[in-house]
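Let me begin by presenting the structure, written as structure tokens, before commenting on it.
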Amino acid sequence: MAEDTLATAGIGNHGAARLPSVDIDSYNIELKDDDGFLGDRASKGAFQDILDKWRKPLKKNGDDPFGGKASEDISKKKLDEILGGDDVEAAALVHSAIEEFAQELAYVTQRFLKTKAWDKTEAIIVGGGFRQSRIGELAIARASIILAANGGKAGLIPIRFHPDEAALIGCAHLAPSWIFEGHDSLLAVDIGGTNIRCGVVETRQKKTPDLSKASVWKSELWRHADDEPTREGAVKKLAGMLKGLLKEAEAEGLKLAPFIGVSCPGAIDSDGSIEKGAQNLPGNWESSKFNLPASLIEAIPAIRDHDTAVLMHNDGVVQGLSEIPFMQDYKRWGILTIGTGLGNARFTMRNPKEKKKG
């Protein structure tokens with residue numbers, strides 16, 4: 001299809017199983033048990049439900065440290081403050097929720113490790129917004145200890161880049177390195193069920209060819225869930241955000257590559273359509289008549305006088321790609337992202353020894 005060629009410009013397929021540095025053994029696995037999807041047991045909502053359960057006995061006695069506030073409205077920052085505060089009972093309540101959530105996360109992780117796709121996994125990165133908090137760090141560390149106590153060899157490692165930036169930085173690993181020659185930055189998009197984040201990523205490829213020092217120069221966040229736009233309205237807003245960042249980057253003297261990397265929920269087909277898993281996005285993104293990469297190229301046909309290329313992949317995959325420079329001691333590793341759901345992907349390094357030269 002001519003549209004496919006335009007969307008990828010010959011640099012690869014959307015949702016590809018083979019990327020420049022890794023093979024993607026699986027992603028977006030939906031494991032189930034008698035109660036439904038396993039990932040729901042280790043999501044942000046699951047932690048809130050667990051916290052609510054531990055609060056109920058205290059509510060009856062009028063001793064709930066959170067008063068009448070709903071668990072989903074209590075920020076991670078507030079929970080972190082309570083952990084280090086003087087109210088011992090409140091801290092114990094939060095610790096109880098952390099412990100139970102860690103048990104759930106360990107159980108779900110063990111189930112992933114038992115699948116054929118995750119066989120021989122040596123380490124697991126944990127990303128998503130939940131990780132960016134003390135409660136998240138403690139839950140991840142406790143789950144890792146539980147796995148080790150049960151004989152597991154794959155430890156849990158909190159994602160190194162800030163969770164809000166990991167997917168943007170991971171976009172730089174979607175494309176072959178040659179596309180960045182003569183350029184120092186790229187446009188990146190992270191689409192979620194609540195927010196859309198766009199950013200300009202500085203590759204710093206000359207100093208660190210492995211992209212270990214890549215960083216987000218500037219980003220813009222839109223909480224689309226508050227505005228409830230149509231699909232077309234969401235794409236128009238997204239394109240406008242990218243155009244604004246493009247102008248700012250050019251004004252700053254950055255040399256943007258003619259490339260846009262996109263992180264998006266769901267199973268991504270090679271033509272840029274979304275097969276399933278996009279139900280939380282505004283409108284029907286799974287329609288055969290909708291193609292986000294093509295829409296972006298229509299809105300931004302050229303960057304610095306070169307035809308724009310777009311590559312899109314699953315959001316869990318792209319978050320994981322940001323970890324490539326730091327995972328050179330592992331052959332097989334995975335990622336779990338704790339958010340609205342539990343994103344997942346498993347990777348096999350293609351040339352780990354060669355990558356170490358970077």
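The values are calculated or read from the model by the stated rules, or taken from the named source; none is laboratory data. Just so it is clear, the model here is predicted, and its values are computed rather than measured. Cβ sites come from the backbone with ideal geometry, for glycine too, and all protein chains shown count toward neighbours. With ligands, DNA and RNA removed, areas are computed over all heavy atoms of the protein, side chains included. Shrake-Rupley method; radii C 1.70, N 1.55, O 1.52, S 1.80 Å.
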(message) Among the residues of the stretch 285-298, are any of a type in the set (S, T, N, Q), touching a Ser or Thr at 6+ places or on another chain (Cβ under 7 Å) and farther than 30 Å from Phe112 by Cα?
(response) yes
(message) Would you confirm whether or not the stretch 68-81 contains a residue that is open to solvent by 80 Å² or more (accessible area, probe 1.4 Å), of a type in the set (A, V, I, L, M, F, W, C) and either part of a loop (DSSP other than H, G, I, E, B) or out of contact with any Phe, Trp or Tyr (no Cβ under 6 Å at 6 or more places or on another chain) (or both)?
(response) no
(message) Checking the conditions here, which among Val94, Val108 is open to solvent by less than 80 Å² (accessible area, probe 1.4 Å), under 28 Å from Cys171 (Cβ atoms), among the β-branched types (Val, Ile, Thr) and part of a helix (DSSP H, G or I)?
(response) Val108
(message) Suppose we filter the stretch 167-186 for residues that are assigned to a strand (DSSP E or B) and open to solvent by 10 Å² or more (accessible area, probe 1.4 Å); how many remain?
(response) 0
(request) May I ask you to list pairs of residues, at least six apart or on different chains, whose Cβ atoms are under 6 Å apart, with the first in the stretch 207-223 being more than 13 Å from Asp190 (Cβ to Cβ) and of a type outside the set (S, T, N, Q) and the second being part of a strand (DSSP E or B) and open to solvent by 30 Å² or more (accessible area, probe 1.4 Å)? (result) Trp217/Glu202
(message) If a residue must be open to solvent by 10 Å² or more (accessible area, probe 1.4 Å) and touching a residue at least 24 places away in the same chain (Cβ under 8 Å), how many such residues does the stretch 312-345 contain?
(response) 14
(request) Considering each of Gly261, Gly272 in turn, give the residue that is part of a strand (DSSP E or B), closer than 13 Å to Asn314 by Cβ and small (Gly, Ala, Ser). (result) Gly261
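Yes/no per residue for (1) more than 22 Å from Ala166 (Cα to Cα); (2) without any contact (Cβ under 8 Å) to a residue 24 or more places away in the chain; (3) touching a strand residue (DSSP E or B) at 6+ places or on another chain (Cβ under 7 Å):
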| site | (1), (2), (3) |
| --- | --- |
| Ala249 | no, no, yes |
| Ala257 | no, no, yes |
| Gly261 | no, no, yes |
| Ser270 | yes, no, no |
| Ser288 | yes, yes, no |
| Leu296 | no, no, yes |
| Arg304 | yes, no, yes |
| Thr308 | yes, no, yes |
(message) Condition first: of a type in the set (Gly, Ala, Ser) and either surrounded by 14 or more Cβ atoms within 10 Å (Cβ to Cβ) or under 32 Å from the mean Cα position of the chain (by Cα) (or both). Now tell me which residues in the stretch 41-67 satisfy that.
(response) Ala42, Ser43, Gly45, Ala46
(message) Among (1) touching a Pro at 6+ places or on another chain (Cβ under 9 Å); (2) on the phi > 0 side of the Ramachandran plot, there is one condition Ala175 misses while meeting the rest; what is its number?
(response) (2)
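Of all the residues that make up the stretch 235-270, how many are of a type in the set (Val, Ile, Thr) and over 16 Å from Val216 (Cβ atoms)?
2
Could you please find all residues in the stretch 290-310 being under 27 Å from Asp226 (Cβ atoms) and open to solvent by 90 Å² or more (accessible area, probe 1.4 Å)?
Once the filter is applied, which keeps residues that are under 27 Å from Asp226 (Cβ atoms) and open to solvent by 90 Å² or more (accessible area, probe 1.4 Å), the stretch 290-310 yields only Glu298.
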(message) Condition first: polar (S, T, N, Q) and either more than 20 Å from Cys171 (Cα to Cα) or in a loop (DSSP other than H, G, I, E, B) (or both). Can you find one or more residues in the stretch 216-227 that meet it?
(response) no
(message) Can you find, within the stretch 120-153, the residue that is least open to solvent (accessible area, probe 1.4 Å) among those that are free of Cβ contacts under 8 Å to residues at least 60 places away in the same chain and assigned to a loop (DSSP other than H, G, I, E, B)?
(response) Ser133
